[in-house]
Amino acid sequence: MRLNFDWKNIFERKQATLVRNEVGVKDIWAGNVHRLAWGDTGPSGQRGFITEHSRLHQPRFPEFGHATFQAYGHYRAFWLPFIDEPMAYEGEKDPPWFAEEPVSPYDAARWSAMTYYHQYVARVHHAIANKEAFGDNGVDLLPAKRLCVVIPKTPGMAAKNAITPFFQKHGLKTGRAGKADPRTFHYNGGEVLYDVPTTLNTLGFLDNRKDEELDDAVAEFQKWLDRLIHSSRSQCADTVEVKRIEELNAGLS
């Protein structure tokens, strides 16, 4: 950026809390970028900004060239601590994230249901329709006819370390659906494919409620997923079913 860029105005307008401009003295590309591009470009990456500000940090690295800043040790030592700095906007006391509204687990449940439907359910349905459900060796074709989405009681029961015993108890193996960008599932005989939405586990990270107190958020996820599966735009209604985990503990196909 140009050497006389007005950072004072940026901070006053609350467009940034802190800026770190690392000056690589031997970075010839940064020093000549203004000759190759237009606008606010300038040699600030090699020479530093002229205007000083308490919120503008400009450490100088005399031996650094253009690629040196990309070193793993450098961004671990300097970039990550800078990003984690809890600085408030100019004229305020608390960092911006103090004022952020917490995400409701129920809103998150609806978004998770939509994401899961489009990124997983619809793709597995497509794989079943096109006979692209393969066994644990990735080669043997399975006689897949439908997908069963297994809904746990609470978000914590959707964690990987929690669902693994469920799959082991029923002797389920892991297969994959689709040839390009495949999705994994579990199966026994192969006609029915099973999946527990691990995305549900994230609902427990959004507020201070206990896992057992978020069963209604899981119910919200199931309600929205059912709506999506049976909507007029969906082609999955005859291929996909949603069941609670307690319904399946008696035995799987």
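The table for this structure:
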item	result
Within a Gaussian network of the chain (alpha carbon springs, distance under 10 Å), most fluctuating of 143, 95, 105	95
Under 25 Å from the Cα of residue 26 - lysines, other chains or at least 8 residues apart	none
Helical segments meeting 18 Å axial Cα length and Kyte-Doolittle -0.5 threshold in the chain (DSSP H)	215-229
Simple label model, 7 Å out from Cα along Cβ direction - residue 17 to residue 103, nm	1.9
Burial ranking of peptide ranges 6-13, 157-164 (average Cβ count within 10 Å, highest at the top)	157-164, 6-13
C-alpha center-to-center spacing [the range 77-154, the range 194-253] in angstrom	13
Charge dipole of the range 7-98 about the Cα centre (unit charges at C-beta), most positive-ward option of 11, 43, 97	43
FRET efficiency estimate (nearest 0.05) - Cβ-Cβ, residue 10 to residue 94, R0 25 angstrom	0.80
Calculated FRET value between residue 54 and residue 77, using beta carbons and R₀ = 22 Å, to 0.05	0.45
The chain, dipole about Cα centre (Lys/Arg Cβ +1, Asp/Glu Cβ -1), debye to the nearest 20	760
Computed helical MRE - 222 nm, the chain, DSSP H runs ≥ 4 contributing -39500 (n - 2.57), nearest 500	-7000 deg cm²/dmol
Out-of-range pairs (alpha-carbon distance over 27 Å; input 131/243; 153/179; 173/210; 8/93; 93/210)	153/179; 173/210; 93/210
Label-point separation in nm, residue 241 to residue 215, each point 7 Å along Cα→Cβ	2.3
Amide H partners (placed H, <5 Å) of residue 240, local residues excluded	147
Taking the convex hull of Cα positions in the range 105-248, its mean projected area over all directions (nm²)	8.3
Set of aspartates and glutamates with alpha-carbon distance to residue 145 below 16 Å, sequence-local pairs under 8 removed	132, 191, 195, 238, 241
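Where a number appears in this text, it was derived from the coordinates with a stated rule and is not lab data. Computed from a predicted model, the values in this text were never measured in an experiment. So basically every Cβ, Gly included, is an ideal-geometry build from the backbone, and we count neighbours across all protein chains shown.
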